[in-house]
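Notes follow the structure.
The values are calculated or read from the model by the stated rules, or taken from the named source; none is laboratory data. In this text, all values refer to a predicted model and were calculated from it rather than measured experimentally. Note: ideal-geometry Cβ built from the backbone for every residue, glycine included; neighbour counts use all protein chains shown. Just so you know, the surface numbers come from the protein's heavy atoms only, side chains and all, with ligands and any DNA or RNA stripped out. Shrake-Rupley method; radii C 1.70, N 1.55, O 1.52, S 1.80 Å.
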Amino acid sequence: MSAHAESYDPNVNYLNRDWSLKSWLLTLDHKRIAWLYLISVSVFFAIGGFFAMLIRMELLTPQGDLLSPDTYNRVFTQHGVVMIFLFLIPSIPAVLGNFLVPLMVGAVDVAFPRLNLLSWYIYTVAGILVILALITGGVDTGWTFYTPLSSTYANSQVMLVAIAVFVNGFASILTGLNFLVTIHTMRAKNLTWGKLPLFIWAMYATSLINVLGTPVVAITLLMAGAERVLGLGIFDPALGGDPILFQHLFWFYSHPAVYIMILPAFGVISELIAAFSRKKIFGYTFIAASSVGIAILGFIVWAHHMFTTGMSAYAATVFSALTMLIAVPTAVKVINWTATMYQGSVSWETPMLYAVGFLGLFLIGGLTGVMLATLGLDIHVHDTYFVVAHFHYVMVGGAIMGFLGGIHYWWPKMTGRLYNGSISKVSAILVFVGFNLTFFPQFLLGYMGMPRRYHAYPEEFQALNVFSTAGATVLGLGYILPAFYLTYSLFKGEKAPANPWGAMSIEWQTPSPPPLHNFVTPPVITEPYDYEHELIKEQIAELKKHVKPQEVPLG
Amino acid sequence: MSSHGDHTNPGHQVHVSSTSMYLTILGALIVLTGLTVWVAFQDLGWANDIVALGIAFTKATLVVLFFMHVKYSGRIIKFVVLCAVSWLFVMLSLTYIDYGSRDIIKPAATPVDAEYQDLVDRGYAKKAKASASHGKETGH
Amino acid sequence: MANGHSTTLHHHFESYDQQRNASSLGMWFFLAQEVMFFGGLFTAYMIYRTQNGLDFAVASSHLNIPLGALNTAILIASSFTMAMAVKKSVLAQRKAIVGYLILTLILGCGFLVVKYFEYAEKFEHNTVPGSSFEFHVEPELIAQYDLSPERVVTMEKRAEIFFSLYFMMTGLHALHMVIGVGIGIWLMFPAMAGKFNMDYHNPVENFGLYWHFVDLVWIFLFPLLYLLGGNALAGG
């Protein structure tokens, strides 16, 4: 470390030390790999969003007038595949996680920088395969690839997409493996497990799922693919094979995958709420333990996706009961976040708006999850828009709110620039309003019996569908705005100080943007979220000296 | 940057096992392989699979503990081994509770079934094949 | 910190201890991933096996037990030579490392050759799943278990599932072996250059862990696939 300090030049950071394309594509720096991922996941978010808009346009009218049934199948499948595998799963771990895990544990880089870069290339190959499938006709099995539809009957590009998902799995396994080893072996001196930021705990839990769950979906798709291409008969009912077995194996990963998407968002929200309430987080141990608890419990509930498949009623009851257990660690988190805000000095900066929006939306998403876990109710609303609304409240209202909140929070650290506060607040509010307008009507639609995955519907459902499509337009605007003002801030934004929010975790102790090797001087390790600490008082005093008062975003 | 991490063997202590120990393990594994082949041709009734898997587990344990040095590794590596084995166990056992309990609770006949049976009886509908209930598109 | 280290210590690690810990922990997490990867196949096997015990036993009796046992012995021996290679790399005995690595690779290739003959036999007898799959239950078995013609037909269908699983499981295992042999050849260069010692031997150690893991998979595949036939049929 001392060697880096001697050669430290405050004008050179990880971004501007070399702008050549080669230095970016062959970089081993975790901070630059985070950028590679940020750009790629944004592209796929746009592609997935485009398909979402097509779906909403089609459902504006009861007749199937815009898309043919077959095209509609392909559109919702592409929407699912792109959003889940290429956006949600890598979004927070591979972008914010890559940037922050080494910084937050006080390390120079992740444990295996080459594997980290390899992970991005694997992801890119998967992305190219999906785009290739899209150009050559798309895939129509739904993102779940159920057999025998995927293995025998579908005549779309199932193999290309299945291979893409298989390959992409290894990108997330490598990212997860890297984080686990980094957190275990590369922590700074005195940074014990009990002092780690809650974001790190969330990333640890997520990575466990990545490493232990992802290979199962890989082998499952491999089996289905071998059935399709080589004529092997593993799930083939004609031979006595069981398609439900495919679903068991598929959901063994894909249910925990929900936690791969939402746990990192939990981690981000913990950071945001503590930082903008300027208070020691309430129940640190409980929040940390509940992350690991969710990761473990998440593996024993998967068959609640299969209540109507003809699985054993006894097993369905067991899985229904197990599923409700998930509500416990989740409620622990929500209650502790609320308790942290209670009597804190809350400042309503943009990231905090996302965090509070997250609390509301996730609460609805989580509670409807408990409803769906109830065996009796699930039979009725299974495969209706109620389910669609539920998982969008969790995925979009939870994971994407967390992602955007995190991006807004760490943007000054990543870029060294500040963005426009007013526009970003407007955009956060647009996302919240648009989201509710889009998806709340879908709860009602589902409860009234509108099934998912159809391109046409009876006329009595139209009013609510029009609401939903109108809401989607507002939501879309809320998502497009950040692309503009954040890009603008890259070039014209005000220079950011090291710690613009006056926050406590150690990544704020290094300059913005950080130098190549992350820290100039070894970071000071304190108790987690200790907002009474001398260090933070000094930093805030320093901040107030250097920035004009109206620009101090401390509320 | 000073890092401490979870040092499992501080200092320069790398465990080196003796060659004779490796030879002993090799011998045990070969003997167990012979045993498992021999026992496969004996009829032990319900214990057949248990004995075969028991021998396999014994062999696996020897490889993991000695060839892979887990016996001499730190807590974290033991934890990872435990994780892998228990996750596999969760997958096997929870999948099995579905298949193992399909006959415990039979779904009650629904009015629809009765109506359908009526149609079959009157010759308006064909009896559904047993496999037709499989492979429905579902999923959240 | 920048000076004084040889090239085998990567810059982001602070000591050889830390590098070694990170490296072997990473390998173990990778192996945990491998356990779950093969675990999917074992789950499928378990479900079908518990539902179609006799059918699987009959299908399994078409596998070649002597070749399977020979391969088990070959793999176990290669695990031993691999463990010795790791030991020698810690002791920095250059020639011994190279020697044991070569022995390991020869045994690994031997396994693959035996596997090749086994697969060729399956292709010859058309017991490869697909449109040309052919499987006939022996008349003695039909008489012994008093099987109805319908039961024989289902049994022949279940046999295709068994052989699908057989080829998936042994095929993926063999693929792991091929990759292992590739890595082993690649490791020969640093081994011959004498790069490995007490401080830096993680490549050999991790390759060893990988090799032992492949052996572990086979330790379970052998009884599950090859041996369950012998018993049910001999005893019945």
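For the peptides A:99-112, A:332-345, A:260-273, what is the packing order when you average, over each peptide's residues, the other Cβ atoms within 10 Å and list the highest mean first?
Peptide ranking by packing, descending: A:260-273, A:99-112, A:332-345.
Evaluate the distance, in nm, between pseudo-label points positioned 7 Å from the Cα of A:TYR153 and of C:ASN64 along their respective Cα→Cβ axes.
4.2
Would you be so kind as to identify which of A:PHE99, A:GLY127, A:ALA164 lies farthest towards the positive end of the dipole of chain A, taking Lys and Arg as +1 and Asp and Glu as -1 on Cβ and the Cα centre as origin?
Among A:PHE99, A:GLY127, A:ALA164, the one farthest towards the positive end of the dipole of chain A is A:PHE99.
Among residues other than A:THR27 whose Cβ falls under 15 Å from its Cβ, what is the net charge (Lys/Arg +1, Asp/Glu -1)?
Cβ neighbours under 15 Å give a net charge of +2.
In whole angstrom, note down how far apart the Cα centers of segment A:62-84 and segment A:147-204 are.
One Cα centre to the other: 27 Å.
Accessible area per residue, 1.4 Å probe, Å², for chain A: what's the number?
33
Once label points are set 7 Å from the Cα along Cα→Cβ at both C:ARG151 and A:LEU477, what is their separation, rounded to one decimal in nm?
7.2
Taking the simple approach of a point 7 Å from Cα along Cα-to-Cβ for both C:ALA193 and A:ASN190, what is their distance in nm?
Rounded to a tenth, the inter-label distance reads 4.0 nm.
About its Cα centre, how strong a charge dipole does chain C have in debye, to the nearest 20, once Lys and Arg get +1 and Asp and Glu get -1 at the Cβ?
Computed charge dipole of chain C: roughly 880 debye.
State, as an integer percentage, the relative contact order of segment A:374-513 based on alpha-carbon contacts under 8 Å between residues 6 or more apart.
Reported relative contact order: 37 percent.
List the residues, sorted by chain then number, that are 5 or more residues from A:GLU494 or on another chain and whose placed amide H is less than 5 Å from its amide H.
A:LEU418
Could you tell me how many cubic angstrom of Cα convex hull volume segment A:16-551 has per residue?
142
Below 8 Å between Cα atoms, with a sequence gap of 6+, how large is the relative contact order for segment A:249-303 in percent?
Reported as a whole number, the value is 68 percent.
Tell me whether the protein assembly as shown comes out rounded, prolate or oblate; compute the Cα gyration tensor, take square roots of the eigenvalues as a ≥ b ≥ c, and use a/c under 1.5 as the rounded threshold.
Because a/c hits 1.5 or more and a/b fails to exceed b/c, the protein assembly as shown counts as oblate.
Whole-Hz Karplus ³J(HN,Hα) for segment A:363-378, in order, using 6.51 cos²θ - 1.76 cosθ + 1.60 and θ = phi - 60°, x for Gly and Pro?
4, 5, x, x, 5, 5, x, 5, 4, 5, 5, 6, 3, x, 6, 4
Would you pull out the residues with amide H under 5 Å of A:THR384's amide H, same chain only if 5 or more places away, H placed 1.01 Å from N?
Result for A:THR384 returns A:ARG452.
Per residue and in cubic angstrom, what volume does the convex hull of the Cα atoms of segment A:257-382 have?
Here the figure is 96 Å³ per residue.
Consider all pairwise Cα distances in segment A:155-265 and report the whole-number % of them above 25 Å.
Pairs farther apart than 25 Å: 36 percent.
Could you give the C-alpha radius of gyration of segment C:90-236 expressed as a fraction of 2.2 N^0.38 Å, taking N as the number of residues it contains?
Cα Rg divided by the expected 2.2 N^0.38 Å: 1.45.
Just how large is the dipole of the protein assembly as shown about the Cα centre, in debye to the nearest 20, putting +1 at every Lys and Arg Cβ and -1 at every Asp and Glu Cβ?
It comes to approximately 2160 debye.
Any idea of B:HIS15's accessible area? Nearest 10 Å², probe 1.4 Å.
Its accessible surface works out to 80 Å², give or take rounding.
So how tilted is helix A:198-229 from the main axis of chain A? Cα-based, degrees 0 to 90, rounded to 10.
It is inclined by approximately 30 degrees.
Return the inverse of the average 1/r over all pairs of distinct C-alpha atoms in segment C:118-190, which is the Kirkwood hydrodynamic radius, in Å to one decimal.
After inverting the pairwise mean of 1/r, the radius is 14.7 Å.
Using only helices, what value at 222 nm comes out for chain A when you add -39,500 (n - 2.57) per DSSP H run of length 4 or more and divide by the total residues, to the nearest 500 deg cm²/dmol?
Calculated at 222 nm, the ellipticity per residue is -21500 deg cm²/dmol.
Translational D (Stokes-Einstein, µm²/s) of segment A:207-308 at 20 °C and 1.002 mPa s when Rh comes from the Kirkwood sum over C-alpha pairs?
After rounding, the answer is 135 µm²/s.
Among the aspartates and glutamates, which have Cα under 16 Å from the Cα of A:LYS189 when same-chain residues fewer than 8 positions away are ignored?
A:ASP109, A:GLU507, A:GLU527, B:ASP6, C:GLU14, C:ASP17
Within a 10 angstrom radius of each residue's Cβ in A:217-223, how many Cβ atoms of other chains show up on average? Whole number is fine.
Rounded to a whole number, the mean comes out at 5.
Return the value, in Å² to the nearest 100, of accessible area buried between chains C and A (probe 1.4 Å, both sides summed).
Summing both chains' loss of accessible area gives about 3100 Å².
Which one, C:HIS12, C:ILE65, C:THR81, projects farthest toward the positive side of the charge dipole computed for chain C from Cβ point charges (K/R +1, D/E -1)?
C:HIS12
Hey, what do the phi angles of segment A:128-143 turn into as Karplus ³J(HN,Hα) couplings, whole Hz, using 6.51/-1.76/1.60 and θ = phi - 60°, x for Gly and Pro?
5, 4, 5, 5, 4, 4, 5, 5, 8, x, x, 9, 10, 8, x, 5
Show me the ranking of peptides C:216-227, B:91-102 by mean Cβ neighbours inside 10 Å, starting with the highest.
The most tightly packed comes first, giving C:216-227, B:91-102.
Summed for both chains, how many Å² of accessible area, to the nearest 100, are buried between B and A with a 1.4 Å probe?
3700
Note down, for segment C:1-138, the three equivalent ellipsoid semi-axes (square root of 5 times each alpha carbon gyration tensor eigenvalue), biggest first, whole angstrom.
After scaling each eigenvalue by five and taking roots: 43, 21, 12 Å.
Which length gain, in nm to one decimal place, applies between A:SER68 and A:LEU535 when the Cα-Cα distance is subtracted from 0.36 nm times their residue separation?
In short, 161.9 nm is gained.
With the full set of protein chains in place, find how many percent of the accessible area of the protein assembly as shown is carbon and sulfur; take the probe as 1.4 Å.
That share works out to 68 percent.
Can you list the HN-Hα couplings for segment A:463-469, worked out from phi with the Karplus curve (6.51, -1.76, 1.60; θ = phi - 60°), rounded to whole Hz and with x for Gly and Pro?
3, 5, 5, 5, 3, 4, 5
Find how many whole Å separate the alpha carbon centroid of segment C:172-226 from the alpha carbon centroid of segment B:19-66.
One Cα centre to the other: 22 Å.
Specify the angular offset, from 0 to 90 degrees and rounded to the nearest 10, of the alpha carbon long axis of helix A:284-297 from the longest principal axis of the alpha carbons in chain A.
Rounded to the nearest ten degrees, it is 30.
Could you size up the charge dipole of chain A around its Cα centre, putting +1 on the beta carbon of Lys and Arg and -1 on that of Asp and Glu, and report it in debye to the nearest 20?
Computed about the Cα centre, the dipole is about 1020 debye.
So with the 1.4 Å probe, I'd like the accessible area per residue for segment B:17-72, rounded to whole Å².
49
Between the alpha-carbon centers of segment A:471-503 and segment C:89-163, tell me the distance in whole angstrom.
Rounded to whole Å, the Cα centres lie 59 Å apart.
Under the definition of Cα pairs under 8 Å and six or more residues apart, what whole-number percent is the relative contact order of segment C:131-236?
The value is 29 percent.
Scanning chain C for helices, which whole DSSP H stretches are 15 Å or more long along the axis (Cα) and average -0.5 or more by Kyte-Doolittle?
Long hydrophobic helices here: C:16-51, C:65-90, C:94-124, C:149-192, C:202-221.
Fully extended, how many nm does the chain gain between A:PHE491 and A:THR521 (0.36 nm per residue separation, minus their Cα-Cα distance)?
Separation in residues times 0.36 nm, less the Cα-Cα distance, equals 8.0 nm.
Within a 10 angstrom radius of each residue's Cβ in B:71-78, how many Cβ atoms of other chains show up on average? Whole number is fine.
The shielding value for this peptide is 3.
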